[in-house]
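Student: Sharing a structure here in structure tokens format.
The values are calculated or read from the model by the stated rules, or taken from the named source; none is laboratory data. Everything numeric in this text was worked out from a predicted model, so none of it was measured. All Cβ positions, glycine included, derive from the backbone under ideal geometry; neighbour counts span all protein chains shown. Keep in mind that these areas ignore ligands, DNA and RNA; they rest on the heavy atoms of the full protein, side chains included. Shrake-Rupley method; radii C 1.70, N 1.55, O 1.52, S 1.80 Å.
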Amino acid sequence: MRRLRILVTAGPTYEYLDPIRIITNPSSGKMGIALAKAAHRRGAKVTLIYGPGSETPPPYLKIINVKTTQEMHRAVLSELKKHNYDVCFATAACADFTPVRTYTKKLVSNRKVTLTLKPTPKIIDDIKKISPRTFLVAFKAEYNRPKRDLIQAGRKRLKSSQADLIVVQDVSKPGVGFQSDTNEVDIIDSQENVVHIARQKKTTIAQKIVDLVLTRLA
């Protein structure tokens, strides 16, 4: 990966109900940071766009900190417009919904509140539009789905986002996904080939994903 420029998104995002209450998810950012480290060790120039995860990124990376999905979206598009990125690992677990109305004052806790939510922007749907030549590795988390449905959902998302690879995982399994140091994934390419990686450390899986991307770029 020497001389390659790599963009990684990682961590969760926050969507604010009021100044102190949020909609989010348990993403730690561990998988994205593991990929950023693996790419950096191969000599790549890595930029990490990082939401408020619990994992601390290494100081030797270029880090852009964001909180909301909109901030993540703007940062990704800005980087793609400013630089020619060879690869984008879109691992961030952005919040899928945001309140239609955000309250500027703290909501009173002993009153009923009705919330209307709307979808947040789908960042991976815009990456190829801005930078068609960037090799896009998308990530998709599912919950308690049969293997066949998991792969089908991954293939569908791969096509809709025009990604080159997609990494899918069932986060209902013990030791898989959010907050865990381990993971178990299936990697699907645009020809619908599937590579399964059994449960192991995220750092090891990151190295294998980077190896696969290098093979495809070659």
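Student: With r as the distance between the Cβ atoms of Q162 and S78 and R0 = 25 Å, compute the FRET efficiency 1/(1 + (r/R0)^6) and round to 0.05.
Tutor: The pair S78/Q162 has a calculated efficiency of 0.80.
Student: Once neighbouring chains are kept in place and the probe is 1.4 Å, which whole percent of the accessible area of the chain is contributed by carbon and sulfur?
Tutor: Percent of accessible area from carbon and sulfur atoms in the chain: 49.
Student: A further question on this structure: Please compute the contact order of segment 1-109 in relative form: average sequence separation of alpha-carbon pairs under 8 Å and at least six residues apart, divided by the residue count, as a percent. Intermediate results must be reported in sequence, preceding the final value.
Tutor: Numbers: 227 pairs, mean separation 45.4, N = 109.
It rounds to 42 percent for segment 1-109.
Student: Just to verify a number: FRET efficiency for K112 and Q70, C-beta to C-beta distance, R0 = 22 Å, to 0.05?
Tutor: Step by step, r from the Cβ atoms, then E = 0.20.
Student: Moving to a separate point now. Please tell me which of these pairs span more than 27 angstrom C-alpha to C-alpha: K82/K201; K118/K147; K37/K156; K45/K67; K30/K147; K45/K156?
Tutor: K82/K201; K118/K147; K37/K156; K45/K156
Student: Select from T68, T120, T104 the residue whose mean-square fluctuation is largest in a Gaussian network model of the chain (Cα-Cα springs shorter than 10 Å).
Tutor: Judging by the Gaussian network model, the answer is T104.
Student: Only Cα pairs within less than 10 Å get springs; with that Gaussian network setup on the chain, which residue of L35, L158, L107 has the largest fluctuation?
Tutor: The residue that fluctuates most here is L107.
Student: Report, as a whole number in µm² per second, the diffusion coefficient that Stokes-Einstein gives for segment 95-218 at 37 °C and 0.692 mPa s using the Kirkwood radius over alpha carbon pairs.
Tutor: Details: Rh = 16.6 Å.
Stokes-Einstein gives a translational diffusion coefficient of 197 µm²/s.
Student: Say each of L214 and K147 gets a label point 7 Å from the Cα, pointing the same way as Cα to Cβ; how far apart are those two points in nm?
Tutor: My value for the distance between the label points is 2.9 nm.
Student: Out of the chymotrypsin sites (Phe, Trp or Tyr not before Pro) in segment 1-69, which ones are loop residues according to DSSP with at most 10 other C-beta atoms within 10 Å? Numbers along the way, then the final one.
Tutor: Values: sites: Y14, Y16, Y50, Y60; in loops: Y14, Y60.
Of the chymotrypsin sites (Phe, Trp or Tyr not before Pro), the ones in loops of segment 1-69 whose Cβ has at most 10 other Cβ atoms within 10 Å are Y60.
Student: Taking 8 Å as the Cα distance limit and 6 or more residues as the minimum spacing, I'd like the relative contact order of segment 67-154 as a percentage.
Tutor: Across segment 67-154, relative contact order equals 41 percent.
Student: Let me ask something additional. Considering all alpha-carbon pairs of the chain, what whole percent are spaced by more than 26 angstrom?
Tutor: Of all Cα-Cα distances in the chain, 33 percent exceed 26 Å.
Student: Which whole-number percent is the relative contact order of the chain (Cα, under 8 Å, 6+ apart)? Can you show the working numbers first?
Tutor: On the way: 466 pairs, mean separation 43.5, N = 218.
Contact order relative to length: 20 percent.
Student: Another question about this same structure. Relative to the Cα centre, what is the charge dipole magnitude of the chain, using +1 at the beta carbon of each Lys and Arg, -1 at the beta carbon of each Asp and Glu, and rounding to the nearest 20 debye?
Tutor: Numbers: 38 positive and 19 negative charges, 79 e Å.
Roughly 380 debye for the chain.
Student: Here's a follow-up. Rolling a 1.4 Å sphere over the protein heavy atoms, what is the accessible area per residue of segment 126-218, to the nearest Å²?
Tutor: Per residue, segment 126-218 has an accessible area of 52 Å².
Student: Expressed as an acute angle from 0 to 90° and rounded to the nearest 10, what is the orientation of the C-alpha long axis of helix 69-82 relative to the principal long axis of the chain?
Tutor: Taking the Cα atoms of the chain, the angle to 69-82 is about 40 degrees.
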